[in-house]
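Some notes on the structure that comes next.
Every number in this text was worked out from the coordinates using simple rules, so none of it is lab data. Treat the numbers as computed from the prediction; the structure is a model and nothing was measured. Cβ coordinates were reconstructed from backbone atoms using ideal geometry, including for glycine residues, and neighbour counts include every protein chain displayed.
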Amino acid sequence: MVRRIGLFLLAIVATLSIATLNSQAQTAQTRHVRDEVRNGKAQFIERLPSSQVMSLDIVLPLRNQAGLDSLLQQLYDPTSASYRQFLTVAEFTERFGPTQQDYDSVVNWALANGLTVSGSAPNRLNVHVTGTVENIQSAFHVNMNNYRHPTESRAFFSADREPKVDLPISLWHVAGLDNYSIPHPAGLSRNANANVQPRATTGSGPSASFLGSDMRAAYYGGTALTGAGQTLGLLEYYGTDLADVTTYFTNAKQTNNVPITLLGVNGASTACVDTKAGGNCDDTEQTLDITQAIGMAPGLSSLVVYVGGTDSAIFNAMATHSPLSAQLSSSWT
């Protein structure tokens, strides 16, 4: 009887030890909270409504970072047997991606915390989830608040502390926990100076404006380089209206032969939406990106426009899309 009681007590201790280990929340490996929130420079306004729905991209860490660093050196070393022997998505996932077990544990954890898993990734790096503020706060052990932006005339939301998760592994990042920085197109604003007049005199477009084909003539004139056989991927945070692309080529008296695919990442809309109340859709940056790319490489096999809400989601879609786009471009800051 004494031996049985002793074994029973040992079993209890072991169970409690496992429970304690599992209850230790893991902190993500990257920072999420801005210094302005930490030091109080960003004035607190209010808590986010608990029923508000948010969209997040949970990013898992890579495995075998030392091996990956070594491979990258070999890939670009002409003396290496691995020179330019690039891996497929499946090969990369097998060697450096999260294990299926770790990926499943994150998915199951998200579901157990009331989150909806609405997107996955072939390389097991991203898990796209949606959920209410209440569930997100509980899952990541944070409070979601609105703050007054210290340098811009707007409010922004943010977690009040670094997220922690009750998982056996630490996450790399959780994208979407704040909107302190909003993506901006790198193109010049048309309203920057209304008095500035175009001074182009030699362009082949309307009013002697410069076209993408003019840029091609300047850089690749007299060569056979057209981008033939290649696929280009463009990063965009908002959708576009391909009718505007058609209008561009019609006005330029040119023909576009490049197939264009609008790809919404994790269900993101590819439509050009009204970004200001009462205003019109503005897809100037997106249209410029598309038309300039085609003007520079009119022989492209295809052009894929990746539209998403977070850089993590878009980058990972670019890295795993089939077929892969070997050329990638972004004009957003």
Fill in: Cα lying deepest toward the dipole's positive end in the chain, options CYS272, PHE96, SER325, charges on Cβ
PHE96
Worksheet item: Once amide H atoms are placed 1.01 Å from N in the peptide plane, what residues at a sequence separation of 5 or more from ARG63, or on another chain, have their amide H within under 5 Å of its amide H?
Response: GLY97
Practice prompt. Quote the relative contact order of the chain in percent (integer), defining contacts as alpha-carbon pairs under 8 Å separated by 6+ residues.
Written response: 20
Worksheet item: About its Cα centre, how strong a charge dipole does the chain have in debye, to the nearest 20, once Lys and Arg get +1 and Asp and Glu get -1 at the Cβ?
Response: 520
Worksheet, complete the sentence: With x for Gly and Pro, the residue-by-residue ³J(HN,Hα) of the stretch 226-238, computed from phi through the Karplus equation 6.51 cos²θ - 1.76 cosθ + 1.60 at θ = phi - 60° and given in whole Hz, is 10, x, 4, x, 10, 10, 10, x, 10, 8, 9, 9, 9
Worksheet entry | Excluding exposed DSSP-loop trypsin sites (Lys or Arg not before Pro) (at most 11 other C-beta within 10 Å), longest clean stretch of the chain | 85-153
Response to the item:
With the charge dipole of the chain built from beta-carbon charges (+1 for Lys and Arg, -1 for Asp and Glu) about the Cα centre, the Cα from GLN137, SER207, LEU225 projecting farthest to the positive end belongs to GLN137
Worksheet, complete the sentence: For the chain, longest principal axis from Cα atoms; helix 65-75 axis from its Cα atoms; angle between them, nearest 10 degrees, is 30
Practice prompt. Counting only chymotrypsin sites (Phe, Trp or Tyr not before Pro) that are in a DSSP loop and have at most 14 other C-beta atoms within 10 Å, tell me the longest site-free stretch of the chain.
Written response: 87-333
Practice prompt. Rounded to the nearest 10 degrees, what's the angle between the helix 242-251 long axis and the longest principal axis of the chain, both from Cα atoms, 0 to 90?
Written response: 20
Worksheet item: Looking at (1) 25.3; (2) 15.2; (3) 16.2, which value of mean projected area of the Cα convex hull in nm² comes from a calculation on the structure shown?
Response: (1)
Practice prompt. Give me the distance between the Cα centres of the stretch 287-327 and the stretch 123-154, rounded to whole Å.
Written response: 28
Worksheet item: Residue by residue through the stretch 307-324, which ³J(HN,Hα) values in whole Hz follow from phi under the Karplus form 6.51 cos²θ - 1.76 cosθ + 1.60 (θ = phi - 60°), with glycine and proline marked x?
Response: 10, x, x, 10, 5, 4, 5, 5, 4, 5, 5, 4, 7, 10, 5, 10, x, 5
Practice prompt. Starting from the amide H of MET144, placed 1.01 Å from N in the peptide plane, find each other amide H under 5 Å away whose residue is 5 or more places distant or on another chain.
Written response: LEU48
Discussion item. Out of all DSSP beta bridges in the chain, what portion is antiparallel? Express it as a percent rounded to 5.
Written reply: 65
Practice prompt. Just rank LEU62, LEU56, fewest to most, by other beta-carbon atoms within 10 angstrom.
Written response: LEU62, LEU56
